[in-house]
Amino acid sequence: GLVFGLNVWRIRLLSILSTTLGYISKTGEWGLNDKEVQKLKYAIDRYLDGASMTTDLPKILNRSVSSVWRIFTQGLGDSYQIVFKSERFNINETVTLKIPRIVDDETIEKVNKQLSANRLYKHKHLKNKYLLSRMIFCENCGFALVGVTNAGYSYYRHQPFRRCSSFASVRADVIENLVLTDIINNFGDVAELEKSMKMAVPDLEKRKELEKQCEILNSDLEKITVQKNRIVKSIANGTISDDDAKSEMKALKEKEAFYQEEIKKIDLQLETIPSEKQIGMKAELLHRMHLEFLRYNPARLSEMSYDDKKALLQKLFSGKTPDGKRQGVYITFNDTHPNGIYTIKGQLREIIGYFDSNVTSVDAD
């Protein structure tokens, strides 16, 4: 028991040291390997610029792919979690250790967004490129449209097994140009961008209320952790029977599970409501992108490469709408606009546009 526990600690500690590029001094304090940290910061910059985590970063860091993944997903912040389980005493504890911070929260957020975007958008090379792939949807049924090419023309259409009566397909070149033009035309200064983005947020006060509730629940969880730690110490000291320990631990775990479930529900709601700080950061990022894409002349849009356009769209559609749907372009019809309507739901406020001619079809192409 005790020897096994110490071995688990030693193995977990070595894993943490490897993940955080750190060491423990003779005084018991954490430290960082400065040379390795500099290499990691360079690797992060390369990753945010498009370097591959499976081919490029392992070479830069001289580590395996799994080690690189663990560092990028667990070792950049100021804490690391270890899980301990004991069926004998009905213990399933997560211990959070404070570790040296390597990069700031803004950088971690960028890395997390890139990780999320890569999972969503990075796929094997396709013969035909579709700019809005995985970013264009039917407003009626909610499903994503897929790119197809027929008789020299590319389309976005419902998959054959999707039974939707709204429409079958829309010309890819038309909707792509309309969306990019509208996005570029709606870029403004930072203040205007912030105003536009706040208009897309249902209620910032609601977010503050949810954050307060989450803070209270987390405080209650900390109290439960203290109580459970007391039981563990009592077990070690032999001042509590196994039956009493199991009974008290069971009651605490039930309460803990309830609080954790409530926090998960709040977190799901918070995902759809950006904070004022996040809105400001996104506005600044979008403004810098706007200056980059249009710094030469107003016709810069036609000069942008496919990869530039794709990167722009991925950044704009990297989150979810207030109702929990994926951000992107949504196509629909109504009697007033029989040719079709497209709605751009991204980091900016919603932008609604209309097709001038019949570029959508009800029948399959």
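When residues of segment 52-65 are filtered for being surrounded by fewer than 16 Cβ atoms within 10 Å (Cβ to Cβ) and assigned to a loop (DSSP other than H, G, I, E, B), how many remain?
Here the count works out to 5.
In segment 253-269, what residues are over 24 Å from Lys228 (Cα atoms) and touching a helix residue (DSSP H, G or I) at 6+ places or on another chain (Cβ under 8 Å)?
Ile266, Asp267, Gln269, listed by residue number.
Please work out which residue is surrounded by the most Cβ atoms within 10 Å (Cβ to Cβ), limiting yourself to segment 209-261 and to residues that are among the acidic types (Asp, Glu) and over 37 Å from the mean Cα position of the chain (by Cα). Talk me through it step by step, then tell me what you get.
Initial filter on segment 209-261 (among the acidic types (Asp, Glu)): 209, 211, 215, 220, 222, 242-244, 248, 254, 256, 261.
Add one more test, that the residue is over 37 Å from the mean Cα position of the chain (by Cα), and what stays is 242-244, 248.
On the way: Asp242: 11, Asp243: 8, Asp244: 13, Glu248: 17.
Among those residues, the one meeting the criterion is Glu248.
Sort out which residues of segment 168-182 are in a helix (DSSP H, G or I) and crowded, with 16+ Cβ neighbours inside 10 Å, and write them in order of number.
Ala172, Val174, Ile175, Glu176, Leu178, Val179, Leu180, Asp182
Among the residues of segment 272-288, are any assigned to a loop (DSSP other than H, G, I, E, B) and either at pLDDT 75 or above or touching a strand residue (DSSP E or B) at 6+ places or on another chain (Cβ under 6 Å) (or both)?
yes
Is one or more of the residues making up segment 234-243 in a helix (DSSP H, G or I), modelled with pLDDT under 90 and farther than 23 Å from Val95 by Cα?
Looking for residues that are in a helix (DSSP H, G or I), modelled with pLDDT under 90 and farther than 23 Å from Val95 by Cα, one finds at least one in segment 234-243, hence yes.
Only residues in segment 33-51 that are under 16 Å from Asn112 (Cβ atoms) count as the first member; pair them with residues that are in a helix (DSSP H, G or I) and of a type in the set (Val, Ile, Thr), Cβ under 8 angstrom, at least 6 apart or cross-chain, and list the lot.
Leu40/Ile71; Ala43/Ile60; Ala43/Val68; Ile44/Thr107; Ile44/Val111; Tyr47/Val111; Leu48/Val111
Report yes if some residue within segment 157-167 is under 16 Å from Tyr306 (Cβ atoms) and either touching a residue at least 60 places away in the same chain (Cβ under 8 Å) or assigned to a strand (DSSP E or B) (or both); otherwise report no.
Looking for residues that are under 16 Å from Tyr306 (Cβ atoms) and either touching a residue at least 60 places away in the same chain (Cβ under 8 Å) or assigned to a strand (DSSP E or B) (or both), one finds none in segment 157-167, hence no.
Would you check which residues across segment 324-349 are out of contact with any Ser or Thr (no Cβ under 7 Å at 6 or more places or on another chain) and in a loop (DSSP other than H, G, I, E, B) and list them?
Result: Lys325, Asn334, Asp335, Thr336, His337, Pro338, Gly346, Gln347.
The values are calculated or read from the model by the stated rules, or taken from the named source; none is laboratory data. This is a predicted model, so every value here is computed, not measured. Here Cβ is always computed from backbone atoms with ideal geometry, including for glycine, and neighbour counts include all displayed protein chains.
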